[in-house]
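The values are calculated or read from the model by the stated rules, or taken from the named source; none is laboratory data. Just so it is clear, the structure is predicted and the values come from calculations on it, not from any experiment. Methodologically, a virtual Cβ is constructed for each residue, glycine included, from the backbone with ideal geometry; neighbour enumeration extends over all protein chains shown. Just the protein is used for accessible areas: all its heavy atoms, side chains included, with ligands, DNA and RNA removed. Shrake-Rupley method; radii C 1.70, N 1.55, O 1.52, S 1.80 Å.
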Amino acid sequence: MADPTKRGDENGQKPDSSGDADLSARLKSLDARLEKVAVQRRETKETQTRKTSDSNALGQALRLSAEFISGVAAGGIIGWIVDRLFETSPWGLVVCIILGFCAGMLNLFRAAGLMKSAPHDQKR
Amino acid sequence: MASPIEQFQIKPIIPAIGFTNSSLFMVGAAALIVGGLMFASRKRAIVPGRSQSIAEILHEFVAGTLKDATGQEGMKFFPLVFSLFMFVLTANLLGMIPGFFTVTSHVIVTFALALLVIGTVVVYGFIKHGTHFLGLFSPPGVPGWLLPFIVVIEIISFLSRPISLSLRLFANMLAGHIALKVFAGFVVALLGAGGAIAFLAPLPLLMAVALMAFEFFVAVLQAYVFTVLTCIYLNDALHPGH
């Protein structure tokens, strides 16, 4: 309630002093205040969405574990195929599972949003 | 007490063509979607009625999800994404009806759906961008000596996508249905034990009711997650490595 009364006071006083500069100054301050409100609203919206996704902790856990397991599984399958093709058993499996572990970790970090600052991930 | 995994058994209905109860429910889900949407859009009123509103909300929802993830040019994949969403959602919800078979609780079904998505991403990516699509595997700003490792890890990470996509949906549906069956089994076992123990029977029954509500939530949520991830992967095909 404080703002409208203040604005009313301004409206009452300003016409005598007048001037376009005054009007633009007031517009600017209004813009700044609107901007502040918009930013605040966006922030609250973001925290709200984050909260709702956090409350579903079991879903989050299943999601992240699936990300990690799939990385290791993909590495294992690739290693097995490599061993079958090139008869390098067991080295293909050993190396590819370790790489799959790394890929699983990468998936995990991406899913958890820890790598959002990386430019490569901006599009995700 | 019935085995909790008995509900996932595949039973042949017409053995000659390999038509099983799983196929029956897949056909049923598809028929339900097509029939339902045709019924909902039969009037094509400007002011939608009840059923038409539902169809329009579903359409708007999937279109919004797709547009958020891929932008306007991703809308050419709308038929694929909408079909996937409706199929997974309907199959999940059909499975919630007692006695019905849950198609998405079999990993081969979800894996086939995931392969369809990844296949689309790879084929479309190569057609549209050619070898530039491979830029997806080399993130910018990586020092030269590290590049071979990163590329291999990125490739494995890419290949793990269909696995994680299918695993997530399958694991959620499987775990939920087993948990429901186990708690329902407790009710029967406690009642059968008789005497004072029988008075404990309502406790797992309450749990089963709570789980049922949770399972409906999971069924819808997993269909949504599947759709969102599909959109994200399609976005990679549209705009590979910047």
Exercise for the section: Output the peptides B:228-237, A:31-40, B:211-220, B:84-93 sorted from most to least packed, where packing is the average of other Cβ atoms within 10 Å over each peptide's residues. Expected result: B:84-93, B:228-237, B:211-220, A:31-40
Handout entry: Added length on full extension, which subtracts the Cα-Cα distance from 0.36 nm per residue, B:Ser3 to B:Leu200
Key = 68.8 nm
Exercise for the section: Round to the nearest 10 and report in Å² the accessible area of B:Ile155, as given by a 1.4 Å probe over the protein chains' heavy atoms. Expected result: 70 Å²
Practice task
Divide, for the protein assembly as shown, the radius of gyration over alpha carbons by 2.2 N^0.38 Å, where N is the residue count.
Solution key: 1.30
Practice task
Report the dimensions of segment B:105-198 along its three principal axes from the alpha-carbon atoms, largest first, rounded to Å.
Solution key: 74, 30, 15
Fill in the blank from the handout: In order over segment B:83-89: 3J(HN,Hα) from phi, Karplus 6.51/-1.76/1.60, θ = phi - 60°, whole Hz, x for each Gly or Pro, gives 4, 4, 4, 5, 5, 5, 4
Problem - Dipole magnitude (debye, nearest 20) for the protein assembly as shown, charges at Cβ of Lys, Arg, Asp, Glu - result: 520 debye
Exercise for the section: Any chance you could check the Cα centroid distance between segment B:195-213 and segment B:1-26 for me, in angstrom? Expected result: 29 Å
Completion exercise
Once phi for every residue in segment B:62-75 is put through the Karplus expression 6.51 cos²θ - 1.76 cosθ + 1.60 (θ = phi - 60°), the whole-Hz ³J(HN,Hα) values, with Gly and Pro written as x, are 5, 4, x, 4, 5, 5, 4, 7, 10, x, 4, 6, x, 5
Handout entry: Which of A:Lys28, B:Lys67 is most accessible, then next, and so on - probe 1.4 Å
Key = A:Lys28, B:Lys67
Exercise for the section: Measure out, as a whole number of angstrom, how far apart the alpha-carbon centroids of segment B:219-240 and segment B:47-96 sit. Expected result: 12 Å
Practice task
Rank these residues by their accessible area, most exposed first, probe 1.4 Å: B:Arg161, A:Arg26, A:Arg41.
Solution key: A:Arg41, A:Arg26, B:Arg161
Fill in the blank from the handout: So the pair-distance distribution of chain B, from every Cα-Cα distance in 5 Å bins, comes to percents of 1, 6, 11, 13, 14, 14, 12, 10, 8, 5, 3, 2, 1, 0, 0
Problem - Where Rh is the Kirkwood radius over Cα pairs, Rg/Rh for segment B:184-223 - result: 1.20
Exercise for the section: Report, as an integer, the average count of C-beta atoms from other chains found within 10 Å of each Cβ along A:72-80. Expected result: 4
Problem - Cα pair distances in segment B:1-99, grouped into 10 Å bins until the bin that holds the longest one, percent each - result: 13, 33, 30, 17, 6, 0
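Let me know the mean shielding of B:164-175 by other chains, meaning the per-residue number of their Cβ atoms within 10 Å of its Cβ. Display every interim value, and only then the final one.
Details: counts 14, 2, 2, 7, 9, 1, 1, 5, 5, 0, 0, 2.
Neighbouring Cβ atoms belonging to other protein chains average 4 per residue here.
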Practice task
For segment B:164-174, take each phi angle, set θ = phi - 60°, evaluate the Karplus expression 6.51 cos²θ - 1.76 cosθ + 1.60, and give the result in whole Hz per residue in order, putting x for glycine and proline.
Solution key: 5, 4, 6, 4, 5, 5, 4, 5, 4, 5, 4
Problem - Value of relative contact order over segment B:52-202, rounded to a whole percent, pairs C-alpha under 8 Å and six or more apart - result: 20 percent
